[in-house]
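The values are calculated or read from the model by the stated rules, or taken from the named source; none is laboratory data. Bear in mind the structure is a predicted one, so any value in this text is a computation, not a measurement. In this analysis, Cβ positions are derived from the backbone assuming ideal geometry, glycine residues included, and neighbour counts consider all displayed protein chains.
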């Protein structure tokens, strides 16, 4: 029996061996612990360096595009988390400012109601509490600045990924 009988029925023959030696190119892009993609191609062994480099560049760009497609939803989720965190931190900062102002007003009113003479002077406990408010406010403002920088970085990454995907590489 003919070893290529299955091909004869379909009028398809297996590829004939090529006389010209080739260089096999394999490019593997790992996305995470359980996903990866492999691109393979061939160029003639005697091809010019520009042709070899061009093929390698095509494989790299294709791999980067696939990686962007794979990672884009994750980066969008991270961006949304950062934006939500920023909104919450801004609210926290505002609440701290209001709480501190209300505390100072309350202390001044208590001083006035006590019938003491002279200008209002905060007690050591009041100063300690006000210092705590100011420290928490400074930490909140620092968190806001960090979140804004993180958001800007994520927005740039997402824009770059979207451009790479839209351009097709």
Checked segment 142-168 for anything in contact with a helix residue (DSSP H, G or I) (Cβ under 6 Å, 6 or more places away or on another chain) and without any contact (Cβ under 8 Å) to a residue 60 or more places away in the chain; matches are 143, 144
Residues in segment 99-120 that are in contact with a helix residue (DSSP H, G or I) (Cβ under 8 Å, 6 or more places away or on another chain) and over 30 Å from residue 84 (Cα atoms) total 3
Go through segment 43-73 residue by residue and tally those that are surrounded by 14 or more Cβ atoms within 10 Å (Cβ to Cβ) and farther than 26 Å from residue 163 by Cβ.
-> 3
Among the numbered conditions (1) within 30 Å of residue 69 (Cβ to Cβ); (2) surrounded by 11 or more Cβ atoms within 10 Å (Cβ to Cβ); (3) at pLDDT below 85, tell me where residue 7 comes up short.
-> (1)
Just wondering, is there one or more residues in segment 102-115 that are assigned to a helix (DSSP H, G or I), surrounded by 16 or more Cβ atoms within 10 Å (Cβ to Cβ), touching a strand residue (DSSP E or B) at 6+ places or on another chain (Cβ under 6 Å) and free of Cβ contacts under 8 Å to residues at least 40 places away in the same chain?
-> no
Here are some conditions: (1) surrounded by 13 or more Cβ atoms within 10 Å (Cβ to Cβ); (2) in contact with a helix residue (DSSP H, G or I) (Cβ under 7 Å, 6 or more places away or on another chain); (3) at pLDDT below 90. Residue 2 meets all but one. Which one does it not meet?
-> (1)
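Determine whether residue 88 is within 20 Å of residue 145 (Cβ to Cβ), free of Cβ contacts under 8 Å to residues at least 60 places away in the same chain and in a helix (DSSP H, G or I).
Working: within 20 Å of residue 145 (Cβ to Cβ): yes; free of Cβ contacts under 8 Å to residues at least 60 places away in the same chain: yes; in a helix (DSSP H, G or I): yes.
Taking the combined requirement at face value, the residue satisfies it.
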